Structure formats: C-alpha cells, structure tokens
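The structure under discussion appears below in the form of structure tokens.
Values in this text are rule-based calculations from the coordinates and carry no lab data. Everything quoted here is computed from the prediction, not taken from an experiment. All Cβ positions, glycine included, derive from the backbone under ideal geometry; neighbour counts span all protein chains shown.
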Amino acid sequence: MSSCQSNLPSNLTVSLRELRMVFERLIQVTRLDAGLVTSLRDCALYSAALGLGGFARLAHNLEAVRSANPHALRLTADAERLTVDCGGQHAWIAADAVLDLAAERLRTQGSGTVEVRSATEIGELRVVEALAQRFRLQAEVAIDETAGSAEIVVSPAPKGMDVTVLERIRRNGLTVDAALWWQLFHRSAKALAPDSYVSRRHAGPIIVEADGKVIGRQDEDETDLSLLIAGAAQHGTTAINN
C-alpha cells in the first residue's frame, strides 16, 4: 500500500445535504415508487443516525422495499388500541403511516398507542422516534424481534426536549466508514444522466439554450458560461451546415 493510500481516513463525516443527496439517488437507482422517495430517504437517514441498520444494511433494506406493496397494510381498531398488520412488508413502508395514526389517536383520544405486527426488519421501526420529532411529539418504540411486532406510544414532547435527531445531523453530520460511503456514493451516481454537452447545458440553476441564450439566474457570479455558449454556437453552425 502506498503512503498516500495509508494516510486516507478510515472514517468520514458526511453532511446532511450529502446524505440526503446520495440516499435519494440510491432510491432512484433501486427504481422505487417516486411517491416513496422522501419517506424512504428519511427512514434511511434516521436508521443511520440511530445506529440501526444504517449504512451497512442500506442496500439490503432498499432491495427489500423495492417489491413492497403498501396496500397490503391492514388496520383494525377498537376502543383500546389501533393495530396495523403489515402483511410481511418492510417496516419502513409502515413508518410514516403508523406515526400518523398514533398522532391522530393522541389528538382525538389522548392516548397515541399503535401496535404493529408482521413487519420484516421490525427493528427499523425505531426510526419513528426521530420522525415524530418534526411534529413536536415524542415516540417510544418497544420492539419484539421474536414476534415481529412493536408497540409505538406517542406523547407530546416535553418543553425542555433535547436537540432533535435532525438538528444533530445538521450540526455534526454522520460518521461512516470511508470505503462503505464511497461504495454507496459511486452506486448512487448511476442515477445521474451521462455527462454530455446537452446535460451540461441543463445543470445547475440555469439553462443554456442551443443558440446560447441563458435562462434562469442572471445575477453576477463567477460562473463561466463561455464554453457552453461557444459550444452552442458551434453546434448551431454545424446544424446549419448540415
């Protein structure tokens, strides 16, 4: 191993923006339903932040979700509690729905308890603890790995609640094994369009038309459009000559 390689850090601290970007691209690469992108991105983020499957099992979890059927979830209710039967679906598929049910139960009946059954990767349901914080709620998730079930109890967050999980990530990022991160990063790049003259003209906050006209941001900055504009003129000349 070269001295340069040996000096590379074994761990990286990745920012919230980079985490979201890579997770969203990985969801697109896995070809999951576009309507699930935001929910699954947040589940992946909090799975890593809470020390669940996190980065190491991200690919596994996304593959498990790919063939998921949210319509398989079944809800039963009585005066005492709500029960969601996931029908063998991944816990991430149920996370947002279960939280919504618990929050509504808390609002209408003063007790936000929901039981979840028959979910795979049931331990991942703990992401609800972080998801609930955006509603100023506190969620306690008790997992029964053997039975494949969980009980979620939602209550109003205490006034002196500590910094939320999301705020902690925003401030400090997350630490991840460098080799694993770059593996995920490069895989996520498959979601990008191949680099070409056309793709460059439509990247960022502006669009450069084929004739060199700039659409979008017009403020003064250091963006060098000369190559794209020159390229547009060249392509236009070629098209006319042909």
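Figures for the structure shown
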{"item": "Average Cα contact separation per residue, the stretch 8-57, under 8 Å, 6 or more apart, as relative contact order %", "result": "27 percent"}
{"item": "Net charge of neighbours whose Cβ lies under 11 Å from the Cβ of residue 43, counting Lys and Arg as +1 and Asp and Glu as -1", "result": "-2"}
